[in-house]
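Trainee: Below is a structure I'd like to ask you about.
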Amino acid sequence: MVNSNKCYMGYTLYITAPILDDLLRKVFQKLLNKKLLNGRGRVNPTKGPNVERTGVMLNIDKPRARLSRTERKGTLFSCLGEFLWYASGSSSLDFINYYISIYDQFAEEDGSIHGAYGPRIFGEPNGQLERVISGLKANPASRKAVIQIFDAADTEKSYKDVPCTCTMQFFVRSGRLDMVTYMRSNDAFKGLPHDVFAFTMIQELVARSLGVELGTYKHVVGSLHLYDEDRDKAEEFLSEGWQSEVLMPEMPRGDPWPSLRMLLDAESDIRLGKVVGANLQEVDPYWADLIRILQIFNYTKDTQEHAKFALITPLKQRMASNIYSVYIDKREASHLDKMAHHTGPEQLELLSVPVTEEK
């Protein structure tokens with residue numbers, strides 16, 4: 001469903017879809033409208049020329065369908081890395097740059113990202129998410145379960161990065177947790193898929209903490225825009241056609257926080273080149289799969305790490321869910337192609353080295 005006010009192309013756009021891919025398809029179709037390109041929807045702010053729609057509401061009925069299945073936007077690894085950056089409460093460039101290299105242009109002189117969401121959502125002294133959960137436990141009908149991210153102080157200096165997200169609000173209604181995120185600005189091609197992934201993961205964390213089911217996800221945007229440099233890519237996305245409905249596995253019921261902390265510890269060990277402490281055979285399959293995904297990302301970071309690359313196949317075989325296979329296979333093939341360009345055939349034979357058992 002797409003409803004819009006006919007008076008002005010910039011206002012009152014409501015798009016709803018069951019899954020992320022369907023939503024992105026409708027969004028790109030609207031932003032590729034030629035009337036926007038040559039009309040009042042044409043803008044040229046600091047980050048480059050684009051077309052925009054203002055006052056937009058997006059709705060996803062099934063928040064666990066948070067991963068695109070397309071070749072163009074199937075970005076599991078960077079989405080997971082960014083979510084864990086948030087969940088760690090960190091503002092460190094080194095952490096997020098490991099997953100998304102463009103963040104280095106947004107770092108302050110001390111190596112931090114001023115607009116990082118982690119300290120504002122998860123970190124102390126704010127502890128906003130923790131207070132949202134405790135508040136909803138005390139009063140499930142509350143309308144005060146709000147996390148503030150963008151702050152007036154963000155405009156007091158010329159920071160390289162300020163939050164695009166203003167607030168997150170949570171509602172427990174009819175035994176389900178609905179979430180509404182309010183954005184001042186959103187890049188439809190690069191930012192929106194990552195935002196939907198991270199924010200619906202947070203939604204599911206809160207739902208599990210409260211012992212309620214997952215409801216709908218709404219994403220309200222002041223300026224939803226598509227940069228000129230991404231127009232061809234958006235067209236390529238549309239050319240892939242409609243995607244099948246595939247949901248991430250359900251987060252295990254019960255308190256998710258001990259498992260999330262274990263995942264964060266494993267992420268840190270993997271990123272820093274340490275041995276992962278968790279015995280994955282004793283970890284719930286949902287969380288064990290996420291650790292394996294982080295390991296696979298690490299094993300495909302360096303084209304010279306042949307021995308690590310050889311460990312990907314046994315990791316794939318141990319995955320509990322098959323929904324991640326398409327992303328793993330794509331990354332494995334891309335990395336193998338890069339290795340072929342950087343090494344000779346005799347070095348590629350090292351991919352057959354003996355594989356140690358998973359610990």
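Trainee: Ordering Tyr99, Tyr217 by accessible area with a probe of 1.4 Å, largest first, what comes out?
Mentor: Tyr99, Tyr217
Trainee: Under 21 Å Cα to Cα from Lys330, which lysines show up? Leave out anything in the same chain fewer than 8 places away.
Mentor: Filter leaves Lys73, Lys190, Lys233, Lys301, Lys308, Lys316, Lys338.
Trainee: Looking at the chain only, what percent of DSSP beta bridges run antiparallel? Nearest 5 please.
Mentor: Given both bridge residues lie in the chain, the antiparallel proportion sits at roughly 65 percent.
Trainee: To the nearest µm²/s, what D does Stokes-Einstein give for segment 43-124 at 20 °C and 1.002 mPa s, using the Kirkwood radius over alpha carbon pairs as Rh?
Mentor: 142
Trainee: Name the most mobile residue of Asn139, Asn97, Asn50, meaning the one with the largest mean-square fluctuation, in a Gaussian network model of the chain with Cα contacts below 10 Å.
Mentor: With Cα springs under 10 Å in the chain, the top fluctuation among Asn139, Asn97, Asn50 is at Asn139.
Trainee: I need the peptides 66-72, 227-233 ranked by packing, meaning the mean over residues of other C-beta atoms within 10 angstrom, with the highest value on top.
Mentor: 66-72, 227-233
Trainee: May I ask you to rank Asp110, Asp22, Asp337 by accessible area, largest first, using a 1.4 Å probe over the protein chains only?
Mentor: Of Asp110, Asp22, Asp337, the descending order of accessible area is Asp110, Asp337, Asp22.
Trainee: Right, something else. Using Cα centres only, tell me the gap between segment 95-154 and segment 13-89 in whole Å.
Mentor: Here the two parts' Cα centres lie 21 Å apart.
Trainee: So in segment 154-291, what percent of DSSP beta bridges are antiparallel if you round to the nearest 5?
Mentor: Beta bridges within segment 154-291, antiparallel portion: roughly 45 percent.
Trainee: Further question on the same structure: Which residue fluctuates the most in the chain, going by a Gaussian network model with Cα springs under 10 Å, if the choices are Glu130, Glu204, Glu52?
Mentor: Glu130
Trainee: Now for a different question. In the Gaussian network model of the chain, springs joining C-alpha atoms below 10 Å, which of Lys190, Lys330, Lys157 carries the largest mean-square fluctuation?
Mentor: Comparing Lys190, Lys330, Lys157 in the GNM, the peak value goes to Lys157.
The values are calculated or read from the model by the stated rules, or taken from the named source; none is laboratory data. It should be emphasised that the depicted structure is a prediction, and the values quoted were computed from it without experimental measurement. Here the Cβ is made from the backbone with ideal geometry for all residues, glycine too, and neighbour counts use every protein chain on show. We work out accessible area using only protein heavy atoms, side chains counted, and drop any ligands, DNA or RNA first. Shrake-Rupley method; radii C 1.70, N 1.55, O 1.52, S 1.80 Å.
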